[in-house]
């Protein structure tokens, strides 16, 4: 047993993950891969990790890792389930799970053969470019978070391209799903596994989709999601009139009536109409150098998008952020949190979304989730699941040692590993 207590805990953590991959022969390469991801080193693709793990037999170690990641038919979701079982209990002393945060992240790539690569919006680059995009859900509180679900988004052009699908070994059952549909599928999967419920958070890319918000409400899930300023709502006295009374002849009228001057209004226009008394400054957490605070207004509204032939939607919160230093509001959110929620509670919930950005940053900068050089569907999800498993150990250590200490305790081997080959992607 290792003398360093942190190494002992890592040994115990790895032991708990063994047995979830379907065959005992996979346990050793799993341990190797996870240790390779946690070891120091700029590049976390297979060849440089093999050089760090086994300097005297790099080729054999590389072949073992490659087979485990790209060929071995183990279930990435089963590993993620085991990671959650080990890591989430350590979050309890920090508040448990307070939010499910949905988002997607991009991986810039060259070429066209890596699974899912297409010219699409890449948040890392802030523009359209060649990249892969993965949808994920982080289970979070103010102090800690862990990705609980991870799935590659396949553009429609990929779904229809039989040749590319076969080369990337995309399973036959994978069909085209929009990002918000992938997110809903993952919400359902995690909920079916008994993951503790919490408000679902997402940015405007998801919140603008009416079907997404309605699907969450149908699942009895609370949410706080971003929306763009052009989304329309009913406010105060601005409400449509009920359908025209039925005359007893023909089809019963169902469309709500919107006479002149009684129309829904954009949330951007709502913000401009609010009196000064509607705004208050709220501090939601302590940042690294100063308290995080801004100016907010919150009011009860009814979403009006595609309202013409349906019943009025339930009342919910519109939360507007408008810093005093800005000429216009910077963010808008819709939330079905209880009507009794305070502005401070609403703001604290909404701003927990930053945890997923922290997850993405550390998964890329520290663990190397964006270093995978393979091209297959299976390899992409295997690498991601193992990166999340490595990150899960770090998250558990931080939760256990809160406030956190450094966790860079796995020593680098003597000598520098060979420089990695260029990515084939």
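Within region 7-23, can you find the residues that are surrounded by 17 or more Cβ atoms within 10 Å (Cβ to Cβ) and more than 16 Å from residue 385 (Cα to Cα)? Scanning region 7-23 gives a single hit, 10.
Quick grid of which residues meet (1) over 27 Å from residue 271 (Cα atoms); (2) in contact with a strand residue (DSSP E or B) (Cβ under 7 Å, 6 or more places away or on another chain):
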position: 326; (1), (2): no, no
position: 349; (1), (2): no, yes
position: 357; (1), (2): yes, no
position: 360; (1), (2): yes, yes
position: 367; (1), (2): yes, no
position: 372; (1), (2): yes, no
position: 395; (1), (2): yes, yes
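Of the helices (runs of 4 or more DSSP H) that lie entirely inside region 343-423, those containing 3 or more residues that are at pLDDT below 95 and within 30 Å of residue 95 (Cα to Cα) span 377-400. Residues in region 298-308: is at least one more than 25 Å from residue 202 (Cβ to Cβ), within 36 Å of the chain's Cα centre (by Cα), at pLDDT below 75 and outside the structural domain of residue 144 (by TED's automatic domain parsing)? Yes, that holds for at least one residue. All of 166, 191 fail the test of being over 23 Å from residue 95 (Cβ atoms) and either over 13 Å from the mean Cα position of the chain (by Cα) or without any contact (Cβ under 8 Å) to a residue 40 or more places away in the chain (or both), apart from 166.
Entry remark, region 100-113: residues being surrounded by fewer than 22 Cβ atoms within 10 Å (Cβ to Cβ) and in contact with a helix residue (DSSP H, G or I) (Cβ under 7 Å, 6 or more places away or on another chain) number 1 in total. Condition test on residue 75, is it under 25 Å from residue 183 (Cβ atoms), surrounded by fewer than 18 Cβ atoms within 10 Å (Cβ to Cβ) and in contact (Cβ under 8 Å) with a residue 12 or more places away in the chain? The answer is yes for residue 75. The set of residues in region 46-58 that are surrounded by fewer than 19 Cβ atoms within 10 Å (Cβ to Cβ) and within 21 Å of residue 368 (Cα to Cα) comprises 54, 55, 58.
Limited to region 194-211, what total is found for residues that are over 15 Å from the mean Cα position of the chain (by Cα) and either within 18 Å of residue 179 (Cβ to Cβ) or touching a residue at least 24 places away in the same chain (Cβ under 8 Å) (or both)? Lay out the reasoning, then the answer.
Initial filter on region 194-211 (over 15 Å from the mean Cα position of the chain (by Cα)): 194-197, 208-211.
From what's left, either within 18 Å of residue 179 (Cβ to Cβ) or touching a residue at least 24 places away in the same chain (Cβ under 8 Å) (or both): 195-197, 208-211.
Final tally of qualifying residues: 7.
Can you name the residue in region 129-163 that is out of contact with any strand residue (DSSP E or B) (no Cβ under 8 Å at 6 or more places or on another chain) and without any contact (Cβ under 8 Å) to a residue 40 or more places away in the chain and is also farthest from residue 350 (Cα to Cα) among such residues? So that I can check it myself, show each step before the final result.
Going through region 129-163, the residues out of contact with any strand residue (DSSP E or B) (no Cβ under 8 Å at 6 or more places or on another chain) turn out to be 143-144, 154, 156, 159-163.
Of the ones still in play, those that are also without any contact (Cβ under 8 Å) to a residue 40 or more places away in the chain are 154, 156, 159-163.
Working: 154: 29, 156: 31, 159: 34, 160: 37, 161: 39, 162: 41, 163: 43 Å.
Restricting to residues being out of contact with any strand residue (DSSP E or B) (no Cβ under 8 Å at 6 or more places or on another chain) and without any contact (Cβ under 8 Å) to a residue 40 or more places away in the chain, the top hit is 163.
Pairing each residue of region 271-297 that is assigned by TED's automatic domain parsing to the domain that holds residue 229 and farther than 17 Å from residue 353 by Cα with any residue that is at pLDDT below 90 and part of a loop (DSSP other than H, G, I, E, B), provided the two are 6+ apart or on different chains, yields no C-beta distance under 7 Å.
From the list 225, 187, the lone residue that is under 21 Å from residue 133 (Cβ atoms) and outside the structural domain of residue 147 (by TED's automatic domain parsing) is 225.
For region 24-38, a residue qualifies if it is touching a residue at least 60 places away in the same chain (Cβ under 8 Å), buried (at least 19 other Cβ atoms within 10 Å of the Cβ) and farther than 28 Å from residue 189 by Cα, and exactly one does: 38.
Consider only pairs whose beta carbons are under 7 Å apart and that are at least six residues apart or on different chains; among these, list those whose first residue lies in region 54-67 and is assigned to a loop (DSSP other than H, G, I, E, B) and whose second residue is surrounded by fewer than 18 Cβ atoms within 10 Å (Cβ to Cβ). Once the first residue is assigned to a loop (DSSP other than H, G, I, E, B) and sits in region 54-67, its partners that are surrounded by fewer than 18 Cβ atoms within 10 Å (Cβ to Cβ) give 55/413; 55/415.
The values are calculated or read from the model by the stated rules, or taken from the named source; none is laboratory data. Nothing here was measured: the structure is a model prediction, and the numbers come from that model. FYI the Cβ positions are ideal-geometry reconstructions off the backbone, even for glycines, and counts take in every protein chain you see.
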